Amino acid sequence: MNELTKRQRQILDFIQRSQQTTGVTPSLREIAVQFGFRSMSTAVDHVRLIRNKGFLEKDSHKARSLRVVSPFQSLRKRVADIPIFGTIPAGFPEEKRQEAKGCISIDTGSLGLKPTPRTFALEVRGDSMIGKHILEGDLVVLEYGLTPRTGNVVAALIDDESTLKTFLIEDGKPCLRAENPRYPKLIPASELVIQGVMVALIRKCR
């Protein structure tokens with residue numbers, strides 16, 4: 001949410017106090033008088049900016065219908081639910097399994113993420129990606145359908161087994177690299193299918 005200027009905060013407080021003490025929203029003229037504005041258009045501009053920043057709502061069909069919005073309510077509009085489709089090994093590949101585990105709610109503003117219907121999460125098992133600071137129990141948020149670039153972390157099916165690794169192109173061919181020297185590089189014998197490219201990482205408090 002964008003921050004209010006000092007004057008905008010004063011106007012918002014005036015509107016809120018008026019509503020609490022009189023039960024009526026002050027008119028634009030009353031706001032202009034309260035703050036000594038020479039023109040009512042100045043009050044109009046301030047109120048418009050406060051609305052644009054998400055602190056006020058207005059019913060366009062009613063007079064004196066400005067309503068102060070809780071900052072938590074505005075923040076809630078940025079929360080998105082991302083489905084968790086089970087776990088993924090960050091170790092040696094394993095036979096693919098999909099386990100429904102519910103969803104996780106995220107603040108899209110804090111993560112700088114715009115989820116789509118193709119966004120999903122998986123819980124990490126194993127330690128093959130510790131070089132990228134991806135630990136067991138972390139949730140990797142992935143986007144299905146993105147074309148991976150060299151260095152991207154991907155959820156992949158390699159010869160029909162699932163794993164979380166770094167995507168590489170070597171000698172013109174795709175392969176997967178672990179970020180832990182204990183694990184070998186993975187070169188597909190027949191098939192490599194990218195299930196999702198990592199776009200965010202969520203760590204649980206331990």
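The values are calculated or read from the model by the stated rules, or taken from the named source; none is laboratory data. These numbers come from a predicted model, not from an experiment. As a convention, Cβ positions derive from the backbone with ideal geometry for all residues, glycine included, and neighbour counts pool all protein chains shown.
For every residue, the table says whether it meets (1) among the small types (Gly, Ala, Ser); (2) part of a loop (DSSP other than H, G, I, E, B).
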residue	(1), (2)
Glu123	no, no
Gly137	yes, yes
Asn180	no, yes
Val199	no, no
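State whether one or more residues within region 111-119 are loosely packed, with under 13 Cβ neighbours inside 10 Å, at pLDDT below 90, in contact with a helix residue (DSSP H, G or I) (Cβ under 7 Å, 6 or more places away or on another chain) and part of a loop (DSSP other than H, G, I, E, B). So far as region 111-119 goes, yes, one or more of its residues are loosely packed, with under 13 Cβ neighbours inside 10 Å, at pLDDT below 90, in contact with a helix residue (DSSP H, G or I) (Cβ under 7 Å, 6 or more places away or on another chain) and part of a loop (DSSP other than H, G, I, E, B).
Checked against (1) modelled with pLDDT under 95; (2) under 23 Å from Pro83 (Cα atoms); (3) surrounded by 15 or more Cβ atoms within 10 Å (Cβ to Cβ); (4) not small (Gly, Ala, Ser), Arg203 meets all criteria but (3).
Residues are listed down the side, and each one gets a yes or a no for (1) crowded, with 22+ Cβ neighbours inside 10 Å; (2) within 23 Å of Arg203 (Cα to Cα); (3) over 23 Å from the mean Cα position of the chain (by Cα):
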| site | (1), (2), (3) |
| --- | --- |
| Ala121 | yes, yes, no |
| Gly126 | no, yes, yes |
| Leu135 | no, yes, no |
| Asp138 | no, yes, no |
| Leu157 | no, no, yes |
| Asp160 | no, no, yes |
| Lys173 | no, no, yes |
| Ala178 | yes, yes, yes |
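Among the residues of region 5-52, those identified as crowded, with 17+ Cβ neighbours inside 10 Å and closer than 30 Å to Gly112 by Cα are Gln8, Leu12, His46, Val47, Leu49, Ile50.
Taking region 1-58 as the range and being within 29 Å of the chain's Cα centre (by Cα), among the charged types (D, E, K, R) and not in a helix (DSSP H, G or I) as the test, the residues that pass are Glu3, Lys53, Glu57, Lys58.
Within region 168-178, the residues that satisfy the criterion of being assigned to a loop (DSSP other than H, G, I, E, B) and either over 15 Å from Pro89 (Cα atoms) or not assigned by TED's automatic domain parsing to the domain that holds Gly86 (or both) are Asp171, Gly172.
Exactly one residue among Lys165, Lys204, Lys132 is in contact (Cβ under 8 Å) with a residue 24 or more places away in the chain and farther than 18 Å from Gly91 by Cα, and that residue is Lys204. Taking region 142-167 as the range and being assigned to a strand (DSSP E or B), touching a Gly at 6+ places or on another chain (Cβ under 9 Å) and over 19 Å from Asn180 (Cα atoms) as the test, the residues that pass are Leu142, Glu143. Apart from one condition, Gly172 fits all of (1) out of contact with any Lys or Arg (no Cβ under 7 Å at 6 or more places or on another chain); (2) at pLDDT 95 or above; the exception is (2).
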